[in-house]
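Notes follow the structure.
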Amino acid sequence: MAALHPQIAENHEQIRERIAAACGRSGRTPGTVKLVPVVKYAPLDWVRSLVELGVRDLGESRPQQLLERADLLPSDIRWHLVGHLQRNKARKVLPRTTLIHSVDTFRLLSTLDRLAGEMALRPRVLLQVNVAGERTKHGFAVSELREEWSAVLGCRNVDLHGLMAMAPYGETAEEARPVFRRLRELRDELADRSPFPLPELSMGMSNDFEVAVEEGATLVRIGSRLFSGLSAESD
Ligand SMILES: *Cc1c(COP(=O)(O)O)cnc(C)c1O
């Protein structure tokens, strides 16, 4: 049994309430937004606390850490990969993830498509979009995604569920709003050109998740706010 961290339970509850409030403001049902705790900086003990609370969706940004922790934690955890995936790690990661949020190039998508065929898997993926066109950020450029859309649709072994984006670093939640809105509009546009819906929008982190929910996020990826008030040394 893990030592329970009351602070984590409190933070978790508060985040859920704030998601529900943001849903209320925008006429959405709270059940349409899933909280994905991103545990990349959390010691294992804190992660176990979340699991004790009944959390079953967990996000990691590094494939290696995801694989290590998947071995240590209950097998019914649904692991989300939210960070960059190198193609040579893809074979190991595919069977362990419920959703890859961060497919950031057509090359990676093709690799996943080929591996999925070989491994008889049907991985669920999101395409990461560099909405603000930042040089330092991974992801498809908006124009590139529009141009390559028919090739994307040709990757039939992957289950394409939607799009993911991050707001530019250091922006306030309100400054991030146009980024989230553009991702939603891009999703709507691409869904119109697809034979299947693209229901998921993975957007919003600790500092901007409420605005992301108001703009249509279905998955919010939250790390630091879940663990605020804790210090890693006490672990
Ligand atoms: C770390 C990380 C998060 C969580 O960020 P916080 O600001 O700590 O909530 C979300 N998404 C991705 C891709 C991340 O790497």
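The values are calculated or read from the model by the stated rules, or taken from the named source; none is laboratory data. Predicted, not measured: the structure shown is a model, and the values here were computed from it. Using ideal geometry, Cβ is built from the backbone for each residue, glycine included, and neighbour counts are taken over all protein chains shown.
Worth pointing out:
- Of all residues in segment 41-56, exactly one satisfies the criterion of being surrounded by fewer than 17 Cβ atoms within 10 Å (Cβ to Cβ), under 17 Å from the mean Cα position of the chain (by Cα) and within 16 Å of the ligand (Cβ to nearest atom), namely 41.
- Against the criterion of being surrounded by 22 or more Cβ atoms within 10 Å (Cβ to Cβ), without any contact (Cβ under 8 Å) to a residue 60 or more places away in the chain and within 16 Å of the ligand (Cβ to nearest atom), residue 66 qualifies.
- Residue match in segment 72-82 (condition: outside any strand (DSSP E or B), touching a residue at least 24 places away in the same chain (Cβ under 8 Å) and under 30 Å from residue 150 (Cα atoms)): yes
- Qualifying positions in segment 165-195 - of a type in the set (A, V, I, L, M) and within 16 Å of the ligand (Cβ to nearest atom): 165, 166, 167, 173, 176, 179, 183
- Matching residues, segment 69-103, being in contact with a helix residue (DSSP H, G or I) (Cβ under 7 Å, 6 or more places away or on another chain) and within 12 Å of the ligand (Cβ to nearest atom): 81, 85
- Where a residue in segment 216-231 is closer than 13 Å to residue 12 by Cα and its partner, wherever it lies, is of a type in the set (D, E, K, R), with Cβ under 7 Å and at least six apart: 223/40
- In segment 132-157, the residues that are at pLDDT 95 or above and not hydrophobic (A, V, I, L, M, F, W, C): 139, 143, 144, 146, 147, 148, 150, 154, 156, 157
- Hey, residue 198 under 30 Å from residue 227 (Cα atoms) and either surrounded by 16 or more Cβ atoms within 10 Å (Cβ to Cβ) or within 14 Å of the ligand (Cβ to nearest atom) (or both) or not: no
- Within segment 93-111, being in a helix (DSSP H, G or I) and out of contact with any Pro (no Cβ under 7 Å at 6 or more places or on another chain) holds for 95, 96, 106, 107, 108, 109, 110, 111.
- Residue 116 being surrounded by 19 or more Cβ atoms within 10 Å (Cβ to Cβ) and touching a Phe, Trp or Tyr at 6+ places or on another chain (Cβ under 6 Å): no
- Going through (1) among the charged types (D, E, K, R); (2) surrounded by 21 or more Cβ atoms within 10 Å (Cβ to Cβ); (3) more than 13 Å from the ligand (Cβ to nearest atom) one by one, residue 60 falls short only on (3).
- Per the listing 160, 183, 226, the residue uniquely in a helix (DSSP H, G or I), touching a Phe, Trp or Tyr at 6+ places or on another chain (Cβ under 9 Å) and at pLDDT 95 or above is 226.
- For segment 169-178, taking the residues that are over 18 Å from residue 38 (Cα atoms) and either under 12 Å from the mean Cα position of the chain (by Cα) or in a loop (DSSP other than H, G, I, E, B) (or both), the one that is modelled with the lowest pLDDT is identified as 170.
- Here residue 91 passes the criteria (1) of a type outside the set (A, V, I, L, M); (2) loosely packed, with under 15 Cβ neighbours inside 10 Å; (3) over 18 Å from residue 125 (Cα atoms) except the one numbered (3).
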